[in-house]
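Reading through the structure tokens given below for one structure.
The values are calculated or read from the model by the stated rules, or taken from the named source; none is laboratory data. All of these numbers come straight from a predicted model, not from anything done at the bench. Please note: Cβ atoms are built from the backbone with ideal geometry, for glycine as well, and neighbour counts cover all protein chains shown. Remember, those area values only see protein heavy atoms, side chains included, never the ligands or the DNA or RNA. Shrake-Rupley method; radii C 1.70, N 1.55, O 1.52, S 1.80 Å.
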Amino acid sequence: MRLLFTTLPGPSHMLPMVPLAQAALAAGHDVLVAASGPALTTAAAAGLHAVGTDDGASAEPYEDLVRRFTETDVSWQLRPDEVIAHVARVFAEVAARMVDGLVDTATTWGADAVVHTPPAVAGLLCARAVGVPAVLHGIGTRRPTFRPALQHLAPVTERLGVAEVPEAEVELDLNPASLVPVLQDGPLRSAAAHVLPMRYAPYTGGAVLPGWALRRGERPRVAVTLGSLRTFYGDGTRLLEIIEGIAKLDLEVVLTTNGADLSALPDPLPGQVRLVDWIPLRALLTTCDAIVHHGGMGTMYASYDAGVPQLAVPMAHDDGHAAAQVLAARGAGLMLEGPAATGTEIASALGRLLDEPGFRSAGREVSAEIRAMPTPADAVATLPALLGGAR
């Protein structure tokens, strides 16, 4: 098979697809990633062949949305349905700028199927335009292709000669059964002919690990991260509040920053804080007792996989906020609303995570669920028959 992968321009949307792409390569299939912006460079850094869908224009509306949602309180001023409508317009613009390049790549390269993530509606539209099956690749909480964005693309679908855009033939579901989805745009609606459960295998790149990361210290270790996008970090003011809150506890803090310029942080930092640019979460979490994060799907599911109690402090009223509600409902962690959470509240919540064994027990239960799911290699072995019949 020749599998064409695509997603939104953000690196966090590409990372969950890497294990399947690498499994497909290992099984002898051909893989090509067509993307834009940081997702394109993330794919190449993972050892995958990648081509750009455009000159980077599709990354502009996506990055502008992230900036507005993280640097202002606009998302907290909107109702959930208004957030959906706002995001739908942006994702539709991203798709409109990507789809011609996608269709050209799929046609030229001779793709047998297009693998896309739920928000990347250009992938589904490309598959329908080219006449090949589509595979919906989950990135965490189960959800269908983001239909509200497709509703803005009628002129594009007409130009491509696509009369209708039915759901993908196959959905790869990375969500363990005990995590009941919370969706901002209503109940789960999936019309895929086949739904395959697949284990979430955390991929966050390679690194030369420092020796301390392989062993526990004398005090409980807590990871603090705001994800892979530097925009989330700002000048470090939010992180400073988190650090000052945690300072009240006798902990070791590992702060990952992805190279952001954190001018608001003191120099030097408190002695119990380690500042690192980038370290793969899969490695770091093996020696951590808890994690504080922004509610990002990749960070959250890597933490689920590790069985580590989580404190989610969403920076925006978006998918991260919905995913944090799932975390709290499952009992594997707690959530606080990012803009309103004080350092004292963060310290109190973190103290609960470390002191009350129920959070760790629930986290380990979810981890066991995830690790019992079929692997990406299992999914690759199943896909040809399903896609062959679909085509």
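Points to keep in mind about this one:
- If you check 127, 154 for being open to solvent by less than 10 Å² (accessible area, probe 1.4 Å) and not charged (D, E, K, R), only one passes: 127.
- Region 361-376 residues that are among the basic types (Lys, Arg) and assigned to a helix (DSSP H, G or I), paired with ones that are modelled with pLDDT of 95 or more and open to solvent by less than 60 Å² (accessible area, probe 1.4 Å) (beta carbon under 9 Å, 6 or more apart): 364/307; 364/332; 371/199; 371/305
- Within region 2-84, helices (runs of 4 or more DSSP H) holding 1 or more residues that are under 20 Å from residue 148 (Cβ atoms): 11-14, 59-71, 74-77
- Scan of region 305-315 for residues that are open to solvent by less than 10 Å² (accessible area, probe 1.4 Å) and over 16 Å from residue 12 (Cα atoms), ordered by number: 305, 307, 308, 309, 310, 311, 312, 313
- Matching entry among 148, 119 (being open to solvent by 10 Å² or more (accessible area, probe 1.4 Å), touching a residue at least 24 places away in the same chain (Cβ under 8 Å) and within 10 Å of residue 7 (Cα to Cα)): 119
- Number of the exception - residue 339 against (1) modelled with pLDDT under 90; (2) crowded, with 16+ Cβ neighbours inside 10 Å; (3) not hydrophobic (A, V, I, L, M, F, W, C): (2)
- Residue count for region 1-29, restricted to those that are surrounded by fewer than 22 Cβ atoms within 10 Å (Cβ to Cβ), modelled with pLDDT of 95 or more, touching a helix residue (DSSP H, G or I) at 6+ places or on another chain (Cβ under 8 Å) and more than 26 Å from residue 300 (Cβ to Cβ): 4.
- Complete set of residues in region 30-57 that are surrounded by 23 or more Cβ atoms within 10 Å (Cβ to Cβ), over 19 Å from residue 107 (Cβ atoms) and polar (S, T, N, Q): 42
- Residue within region 276-295 that is in contact (Cβ under 8 Å) with a residue 60 or more places away in the chain, under 18 Å from residue 13 (Cβ atoms), among the β-branched types (Val, Ile, Thr) and surrounded by 23 or more Cβ atoms within 10 Å (Cβ to Cβ) present: no
- With respect to the conditions (1) at pLDDT 90 or above; (2) surrounded by fewer than 20 Cβ atoms within 10 Å (Cβ to Cβ); (3) not hydroxyl-bearing (Ser, Thr, Tyr), residue 266 lacks only one, and its number is (1).
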